[in-house]
Amino acid sequence: MSAPRRGDGVTLGPPGPEPTDLGRFGEFGGRFVPETLVPALEELELEFRRAWTSPEFREEYAQLLAQYAGRPTPVTECHRLSEHLGVRVLLKREDLTHTGSHKINNVLGQALLTQRMGKRRVIAETGAGQHGVATATACALFGLDCIVFMGAVDVERQALNVFRMQLLGAEVIPVTSGSATLKDAINDALRDWVASVQSTHYCIGSVVGPHPFPWMVREFQRIVGDEAREQTRSILGGDPDFVVACVGGGSNAMGTFAGFTDTDAQLIGVEAGGLGIETGHHGASVSRGVPGALHGARSLYLQNEDGQILEAHSISAGLDYPGVGPEHAALAASGRAEYPSATDVEALAGFQLLSKLEGIVPALEPAHAVGWLMREAGNRVPKDSTVMLTMSGRGDKDAMQVSEMLAEQAGR
Amino acid sequence: MNLEATLRGARDRGAKLLVPYVTGGLGRGWLDVVRAVAAAGADAIEVGIPFSDPVMDGRTIQEASQRALDIGATPGSIIDELDGLDAGVPIAVMTYYNPVHHMGHERFAQRLSASGIDAAIVPDLPLDELNGWADAADAADVETVLLAAPTTSDERLHAICERSRGFVYGVALLGITGERTELAVEATEMGRRLKAVTDKPVLLGLGISNPDQARVAAASSDGVIVGSALVRRLLEGGGPEGAAEFVHELRQGLDQG
Ligand SMILES: Cc1ncc(COP(=O)(O)O)c(C=O)c1O
């Protein structure tokens, strides 16, 4: 495969490895759901397996990615940032896709599947609103009914995306239970699905949930890593030393890592450090979570000594989740990937630095990856290393929030 | 006591079975509620161990769970408080898999057993994921009740009935717990399908909200589980007397059927 360029068509790489029995990645994954949902998940697994090896489906999906989502996205070499940090930085530009984040890759695949299954109603959860916007977009494109569950706290801090979803014809349902953020939005989406499963597809937005979701969503996101590997090779003449992506549920990171697992690159997933790991207010599920089962999968979750799930904290709604996809839990256990964190403050610094030096305003989620690199360049990432970092989305949605926070910081 | 033996015994005497659900740790007097419910005609009682993220539950039980957690209920405290309870009927705990997993399969099963708790219902642990827990439960003499749903295929239904202990829990609607004005259309069909494949007691639950609905649901099955309608009365301050009164009405409804 030669390096994909904008304007070329999209060529899908071969399917990646399937998890073992009942969706296991090592000791993680599985299907911990109410009996009512089991038959629908079995059907979805069959349909996806069939579709993913079907030339017609793959062709249709590739066409959508090219003509609708605007793929391939470029890899941009960041000359000024590289000079500033003393390491050579390349960005995979998912911020340039239609709707402005990697989430579109997954929803186009799932919308096609929804059609194949003959369902007409789609539900989704959203944190930052990016997955909600992407789902509403795909539903508008395919003429499907779309309902998005969104934590009331997130409805507040992501007002722009709420309006975008409504404009696209989706109904946004604010969720007030629990911490009123992403975890609770998933709870309510699951509650809806238990009642509506015969007519409705649940379009999960990350590599979380019961089998087959973590596998399927990784496969729909692997285009990010497959493209980036070839593009990085053509720029660097080889593989990068580090591959870095932010981790909420972990879909942009998993899609990215999928292209690099068989290289020598060190894989780094950056979690939300929130107010600082030591404060307990963070979203660092891999480094501080313990094994448990939530939202259908055995994975790592933030929980108290009685097994009650804790609220996560992050400046970015998209990383404000107390769990992580099971494949990440397995990659952490095997040591193939590492999961450090960046704090709210570090993410804000990354947000500003990338804007000033490269003219690229990142979403707050990947700003964590930039913040981590600022801290670790010359340390964990030795001088002159090469780094491929996934810019999972653009920062327009966060501009208001960041401007308020910076004003607050300045006032203090 | 043994849940299945007790329920079979009552059924074979010609009675319809009534299993009310009470959220554990909901107020200081929650054990009095359990006793009152038993005295008012329950054949067994389901005690909920609250979990932070109850995805099978509607607003009423969500709120009850949250209130119980807020005043300090934990899996350990509820299991301990049930120790020595002289309700005179079998007790089954109902919780989600994470608290069980967190305590550890063996430890959870042994603690239930040590507290004289007969059975466990874990709605997000379906047949295919059962092994680790069910082995530990069997070893500790704790009966694991499995759920069958309207969406379950006939083939799975057989396997579920085969593996279930205590009784088979027929999900009486497509959805989550919560009161409904009408009995769901799925209820009778669920009861009929289960009765056709198993001799174990078959109870229908979810959405059954009043004596009339209980009577109709029990006509196609061996009895009913009633949760939200009872828990709402507790949330409204009904206390042991209010709970007993409602359970008594349910009992009468079933006895008329
Ligand atoms: C731009 C962006 N990046 C990352 C994420 C986090 O999700 P994931 O970890 O699944 O990539 C989100 C979620 O909303 C997002 O909008």
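Residues of region A:119-139 that are in a strand (DSSP E or B), of a type in the set (A, V, I, L, M) and within 14 Å of the ligand (Cβ to nearest atom): A:Ala124 alone.
With respect to being away from the ligand (no atom under 14 Å from the Cβ), free of Cβ contacts under 8 Å to residues at least 40 places away in the same chain and over 26 Å from B:Asn98 (Cα atoms), A:Thr263 fits the description. Counting only residues that are more than 25 Å from B:Phe167 (Cβ to Cβ) and within 12 Å of chain A (Cβ to nearest Cβ), which one in region B:72-86 is surrounded by the most Cβ atoms within 10 Å (Cβ to Cβ)? Restricting to residues being more than 25 Å from B:Phe167 (Cβ to Cβ) and within 12 Å of chain A (Cβ to nearest Cβ), the top hit is B:Ala73. For region A:387-405, a residue qualifies if it is within 14 Å of the ligand (Cβ to nearest atom) and without any contact (Cβ under 8 Å) to a residue 40 or more places away in the chain, and exactly one does: A:Ala399. When the helices (runs of 4 or more DSSP H) confined to region A:140-209 are screened for residues that are on the phi < 0 side of the Ramachandran plot and at pLDDT 95 or above, those reaching at least 2 such residues are found at A:159-167, A:182-196. Determine, yes or no, whether A:Ala369 is under 28 Å from A:Glu227 (Cβ atoms) and buried (at least 18 other Cβ atoms within 10 Å of the Cβ). So A:Ala369 fits the description; yes. Each residue in region A:279-328 was checked for being away from chain B (no Cβ under 14 Å), closer than 21 Å to A:Phe257 by Cα and of a type in the set (A, V, I, L, M), and 4 of them qualify. Selection of region A:220-242 for residues being within 14 Å of the ligand (Cβ to nearest atom) and β-branched (Val, Ile, Thr) yields A:Ile223, A:Val224.
The residue of region B:42-51 that is surrounded by the fewest Cβ atoms within 10 Å (Cβ to Cβ), among those that are assigned to a loop (DSSP other than H, G, I, E, B) and among the small types (Gly, Ala, Ser), is B:Ala42.
For region A:1-118, please list each of the helices (runs of 4 or more DSSP H) lying entirely inside it that holds at least 3 residues being among the hydrophobic types (A, V, I, L, M, F, W, C) and more than 14 Å from chain B (Cβ to nearest Cβ). Because the criterion is at least 3 residues that are among the hydrophobic types (A, V, I, L, M, F, W, C) and more than 14 Å from chain B (Cβ to nearest Cβ), the helices (runs of 4 or more DSSP H) in region A:1-118 that meet it are A:38-52, A:55-67, A:103-116. A:Val370 passes every criterion in (1) more than 14 Å from chain B (Cβ to nearest Cβ); (2) part of a loop (DSSP other than H, G, I, E, B); (3) within 13 Å of the ligand (Cβ to nearest atom) apart from (2). For A:Gly255, only one of the following conditions fails: (1) away from the ligand (no atom under 16 Å from the Cβ); (2) closer than 23 Å to A:Arg218 by Cβ; (3) crowded, with 24+ Cβ neighbours inside 10 Å; (4) of a type outside the set (Val, Ile, Thr). What is its number? Tallying (1) away from the ligand (no atom under 16 Å from the Cβ); (2) closer than 23 Å to A:Arg218 by Cβ; (3) crowded, with 24+ Cβ neighbours inside 10 Å; (4) of a type outside the set (Val, Ile, Thr), A:Gly255 fails exactly one: (1).
Going by the conditions given, is B:Leu146 surrounded by 20 or more Cβ atoms within 10 Å (Cβ to Cβ), touching an Asp or Glu at 6+ places or on another chain (Cβ under 9 Å), outside any helix (DSSP H, G or I) and hydrophobic (A, V, I, L, M, F, W, C)? Yes: the conditions hold for B:Leu146.
Are any residues in region B:87-106 away from every other protein chain (no Cβ under 14 Å) and more than 21 Å from B:Val19 (Cβ to Cβ), and if so, which ones? Of everything in region B:87-106, just one residue is away from every other protein chain (no Cβ under 14 Å) and more than 21 Å from B:Val19 (Cβ to Cβ), namely B:Glu106. Residues being assigned to a strand (DSSP E or B), more than 16 Å from A:Cys246 (Cβ to Cβ) and not β-branched (Val, Ile, Thr) are represented in region A:302-320 by at least one member. Among the residues of region B:243-253, those that are farther than 12 Å from B:Asp32 by Cβ and touching a helix residue (DSSP H, G or I) at 6+ places or on another chain (Cβ under 6 Å) comprise B:Phe246, B:Val247, B:Glu249, B:Leu250, B:Gly253. Inside region B:52-71, residues that are within 7 Å of another protein chain (Cβ to nearest Cβ) and not in a helix (DSSP H, G or I) make up a count of 4. Evaluated against (1) farther than 21 Å from B:Ser65 by Cα; (2) small (Gly, Ala, Ser); (3) at pLDDT 95 or above, B:Gly132 falls short on exactly one condition, (3).
Away from every other protein chain (no Cβ under 14 Å), under 18 Å from B:Ala120 (Cβ atoms) and either surrounded by fewer than 18 Cβ atoms within 10 Å (Cβ to Cβ) or among the small types (Gly, Ala, Ser) (or both) - does that describe any residue in region B:21-41? Scanning region B:21-41 turns up no residue that is away from every other protein chain (no Cβ under 14 Å), under 18 Å from B:Ala120 (Cβ atoms) and either surrounded by fewer than 18 Cβ atoms within 10 Å (Cβ to Cβ) or among the small types (Gly, Ala, Ser) (or both).
The values are calculated or read from the model by the stated rules, or taken from the named source; none is laboratory data. Since this is a predicted model, take the numbers as computed values, not measurements. Positions of Cβ are backbone-derived with ideal geometry, glycine not excepted, and every protein chain shown enters the neighbour counts.
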